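The values are calculated or read from the model by the stated rules, or taken from the named source; none is laboratory data. Everything numeric in this text was worked out from a predicted model, so none of it was measured. Ideal geometry is used to build each Cβ from the backbone, glycine not excepted, and the neighbour counts take in all protein chains shown.
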Amino acid sequence: MNRIKQAGLTLVELLIAVALSAVIIIGLTQVFLSNREAFNLSESMARVQENGRFAMNVITEAIRSSGNYGCIPWYSPEIDNIHRQVTNNEINSFNAVTTVTQEGAGVVNGINAPDQLDVLRIVGDPVPIQSIDYATNLITTDWAIDDVAENDLLLVSNCLVGDYIRAGANTAGTIIEDGTGNLREGLYDRADQENTVVKVERLSFSVDAEGDLNLTTNLGSPNAPPVTELVGGIENLQFRYGVDLDDNFVPDYIDDYANIPAADRANIIAIEVNLLVGSLVNDASVVNVVSEPQTFNFAGGVFQAPDRRLYRPFQTLVTIRNRVK
């Protein structure tokens, strides 16, 4: 009876096969991980770029549309308060753009805590005024202003003076009540000047603790102001001002508002927007996308990243259109 010879693997051959398989598996795993890291980095770069461009576009557009007060002559609030009057405590001046620094926030990761930007702009076209009754605080207009409600901000002005007020409860038709009662009697009585009233918006941009860029409309209103979350991943927001000393429409220097001498503030013609955007923290795949924490210059400081997320600075210089002489 013939025996059937059975062939098999020796122990050495088995070990070699296992080793070769392990090398192949490790190689494939490394290729997969490398591709995944490259994809995560590419995805983070795309998101950071998209969020940064969107936030920058919204802020710069608000700055460009600010400061249109009709024919009121431009004077610095620090020099001349006769031509323009602010009757609301929440608006500290007629400045088109105002930076509000977070008090006590200090320095975080090598740079200052985020600024808040307040922007004033008119909404719609000014409506001619027929008469002003200073005894009843009622303003009669040629036609109704669209969408005016109680506590809305209004600008009453002519080519000589201007007052910010709030609308009162009576805003029906062509009648608008001055809710503040602080229109300056006698300054709107000249026959050679056309008095107008127009609605005003105060837009406030700020960054919260979660890294969201928020837009608040008419901050300080007696009514609860609406807050809109615009975009996430915003780590910091800083503003610096460009000063033109020789009237050539080119800033001679750029600095923080607090460092600009009072005599130069009337010559501010531009604002430098500095935006720091990072990959979103709630996505685990983009937390460690760079090999080591980043360090780079940002808004006059040196940013030192606390982790291995991807960060990117954005910067642009925006001319305040309605403030250029």
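Suppose we filter Tyr257, Tyr253, Tyr241 for residues that are over 30 Å from Glu43 (Cβ atoms), at pLDDT 90 or above and either hydroxyl-bearing (Ser, Thr, Tyr) or in contact with a helix residue (DSSP H, G or I) (Cβ under 9 Å, 6 or more places away or on another chain) (or both); which single one remains?
Step by step, each of Tyr257, Tyr253, Tyr241 is checked, and only Tyr253 is over 30 Å from Glu43 (Cβ atoms), at pLDDT 90 or above and either hydroxyl-bearing (Ser, Thr, Tyr) or in contact with a helix residue (DSSP H, G or I) (Cβ under 9 Å, 6 or more places away or on another chain) (or both).
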Worksheet entry | Residues located in region 272-293, provided they are at pLDDT below 90 and either among the aliphatic types (A, V, I, L, M) or buried (at least 19 other Cβ atoms within 10 Å of the Cβ) (or both) | Gly278, Ser279, Leu280, Val281, Ala284, Val286, Val287, Val289, Val290
Item to complete: For region 148-171, enumerate the residues that are under 20 Å from Leu187 (Cβ atoms) and hydroxyl-bearing (Ser, Thr, Tyr).
Response: Ser157, Tyr164
Worksheet item: Do we find that Ile176 is part of a loop (DSSP other than H, G, I, E, B) and under 25 Å from Gly67 (Cβ atoms) in this structure?
Response: no
Worksheet item: Do we have any residue at all in region 218-235 that's at pLDDT 85 or above, under 17 Å from Ile320 (Cα atoms) and assigned to a strand (DSSP E or B)?
Response: no
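Going by what's in this entry, would Ser204 be described as within 30 Å of Pro114 (Cα to Cα), at pLDDT 85 or above and either assigned to a loop (DSSP other than H, G, I, E, B) or of a type in the set (Ser, Thr, Tyr) (or both)?
Yes.
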Worksheet, complete the sentence: Residue hits (region 138-154; modelled with pLDDT of 90 or more and surrounded by 11 or more Cβ atoms within 10 Å (Cβ to Cβ)) are Leu138, Ile139, Thr140, Thr141
Discussion item. Please verify whether Asn322 is modelled with pLDDT under 85 and farther than 27 Å from Thr60 by Cβ, treating the condition exactly as stated.
Written reply: no
Worksheet entry | Sole exception among (1) surrounded by fewer than 20 Cβ atoms within 10 Å (Cβ to Cβ); (2) within 30 Å of Ser279 (Cβ to Cβ) for Leu203, by number | (1)
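How many residues are β-branched (Val, Ile, Thr) and not in a strand (DSSP E or B) if we restrict to region 128-172?
Selection size over region 128-172: 5.
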Practice prompt. Pick out the one residue from Ser42, Ser66, Ser34, Ser76 that is modelled with pLDDT of 75 or more and either part of a helix (DSSP H, G or I) or surrounded by 10 or more Cβ atoms within 10 Å (Cβ to Cβ) (or both).
Written response: Ser66
Worksheet item: In region 179-200, what count of residues is obtained for those that are at pLDDT 85 or above, part of a loop (DSSP other than H, G, I, E, B) and either under 21 Å from the mean Cα position of the chain (by Cα) or surrounded by 20 or more Cβ atoms within 10 Å (Cβ to Cβ) (or both)?
Response: 2
Worksheet item: Applying the selection to region 137-162, what residues are in contact (Cβ under 8 Å) with a residue 60 or more places away in the chain, within 26 Å of the chain's Cα centre (by Cα) and under 16 Å from Asn195 (Cβ atoms)?
Response: Leu155
